[in-house]
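Remarks on the structure that follows.
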Amino acid sequence: MAASDSSTSRRAAMTDAGLDAVDRTILSELSRNGRLSNTELAARAGIAESTCLKRVRALQANGVIVGFHAEISPAAIGLHLEALITIRLHAHARGDLRRFQAYVEELPATQRVYFLAGDRDFLVHVAVPDAAALRELVSDTLSLRPEVASTSTSLIFAHAAGSRGI
């Protein structure tokens with residue numbers, strides 16, 4: 001899919017969700033920079049500050065905007081190795097998916113957890129200090145869990161793109 005096709009699809013999805021052009025502008029601007037002041041955001045959206053504030057609050061109340069956060073460089077805080085770990089659970093453990101997901105989400109190394117369809121159940125993005133810590137996480141923490149059938153680990157050499165926004 002070409003980039004223009006992708007942005008057209010996103011616009012269509014947002015229209016289907018009941019969002020108008022102003023909402024889309026607000027979301028686009030905030031997804032690029034969540035620290036924009038209301039004054040700057042209103043100017044970029046071409047609306048009054050009070051209207052902008054009401055719209056942002058409505059987008060939050062309706063669950064469209066689910067949070068604001070700081071993106072932290074793992075390497076800057078001593079986590080120099082990032083990896084993606086795919087995990088497949090034993091068939092008999094399918095009833096424990098939520099419990100296992102909650103466990104993985106609480107591991108200090110976990111950056112993100114994705115619940116998947118297909119031959120794997122989870123994709124976990126982790127950040128650790130070094131290869132020894134990664135080995136310990138995969139071999140001694142995850143693989144020893146009784147519900148885990150298999151894992152596969154891929155190292156992340158670089159992040160090719162940041163947030164693309166809306």
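The values are calculated or read from the model by the stated rules, or taken from the named source; none is laboratory data. This one's a predicted model, so the numbers in the text were calculated from it and none came from an experiment. Ideal geometry is used to build each Cβ from the backbone, glycine not excepted, and the neighbour counts take in all protein chains shown. Accessible surface areas use protein heavy atoms only, side chains included; no ligands, DNA or RNA. Shrake-Rupley method; radii C 1.70, N 1.55, O 1.52, S 1.80 Å.
Judged by the gyration tensor of its Cα atoms, with axes a ≥ b ≥ c, the range 105-149 is oblate; a/c meets the 1.5 cut and b/c is at least as large as a/b. Annotation: per residue accessible area for the chain equals 64 Å², rounded to a whole number [probe 1.4 Å, protein chains only].
Electrostatic tally near residue 56: other residues with Cβ closer than 15 Å to its Cβ, Lys and Arg +1, Asp and Glu -1, net +2.
Using a simple charge model, +1 on the beta-carbon of Lys and Arg, -1 on the beta-carbon of Asp and Glu, nothing else, what dipole does the range 40-121 show about its Cα centre, in debye to the nearest 20?
Values: 10 positive and 9 negative charges, 68 e Å.
Dipole magnitude for the range 40-121 comes out near 320 debye.
Taken about its Cα centre, the chain carries a charge dipole of roughly 380 debye when the Cβ of each Lys and Arg holds +1 and the Cβ of each Asp and Glu holds -1.
Loop sites by DSSP among the GluC sites (Glu not before Pro) of the chain, restricted to those with at most 14 other Cβ atoms within 10 angstrom, leave 1-70 as the longest stretch without any of them. Does the range 27-72 come out rounded, prolate or oblate, given a ≥ b ≥ c as the square roots of the eigenvalues of its C-alpha gyration tensor, rounded meaning a/c under 1.5 and, failing that, prolate meaning a/b above b/c? It is oblate, given that a/c is not under 1.5 and a/b is not larger than b/c. One decimal place: the segment residue 97-residue 61 gains 10.1 nm when fully extended, by the rule 0.36 nm per residue minus the C-alpha distance. Label-to-label distance for residue 39 and residue 21 is 2.7 nm, based on points extended 7 Å past Cα in the beta-carbon direction. For the residues 23, 119, a 1.4 Å probe over the protein chains yields an accessible-area ranking, largest first, of 119, 23.
Of all stretches in the chain that contain no chymotrypsin sites (Phe, Trp or Tyr not before Pro) in a DSSP loop with at most 13 other Cβ atoms within 10 Å, the longest one is 69-156.
Which FRET efficiency value, to the nearest 0.05, is calculated for residue 149 and residue 73 with the Förster distance at 45 angstrom and r the Cβ-Cβ distance? All intermediate terms of the calculation are to be shown ahead of the outcome.
Details: r = 34 Å, r/R0 = 0.75.
Calculated value: 0.85.
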